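Participant: Pasting in a structure now, in structure tokens, and then I'll have a few things to ask.
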Amino acid sequence: MFKQVMGEYWAWEINLAFAGSRGGTPLAAHASLQSLTFYYYTPMIGFMSAATVRVGTCIGSNRPARAWEECKTAAMLVGAVQN
């Protein structure tokens, strides 16, 4: 896991260095896109975590039909938020 995290970190650093070497406008565009990416993916991570808990609770209480309904509901919510 350490290699994966560090590889991602270094990739972002290299990308940032490349954008910075191209001038101020590309660096500003890169910073803006980074902010938008954060705001776009954070709700999806929240839905994923909530759906995992809901489905796990249903499976743990031996209600597989309800777990399937929770999966479909989470997928619809994510689809509605993404679009």
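Participant: For segment 15-68, which positions are surrounded by 13 or more Cβ atoms within 10 Å (Cβ to Cβ), of a type in the set (Val, Ile, Thr) and closer than 21 Å to Val81 by Cα?
Facilitator: Val55
Participant: For segment 26-47, enumerate the residues that are over 21 Å from Leu16 (Cα atoms), aliphatic (A, V, I, L, M) and without any contact (Cβ under 8 Å) to a residue 12 or more places away in the chain.
Facilitator: Ile45
Participant: Also, quick follow-up: Between a residue in segment 60-83 that is more than 26 Å from Tyr40 (Cα to Cα) and any residue that is at pLDDT 90 or above, which pairs come within a Cβ distance under 6 Å, given they are 6 or more apart or on different chains?
Facilitator: Arg66/Cys58; Ala67/Val55; Ala67/Cys58; Ala67/Ile59
The values are calculated or read from the model by the stated rules, or taken from the named source; none is laboratory data. Fair warning: this is a prediction, and the values are worked out from it, not measured in the lab. All Cβ positions, even for glycine, are placed from backbone atoms using ideal geometry, and neighbour counts span all protein chains on display.
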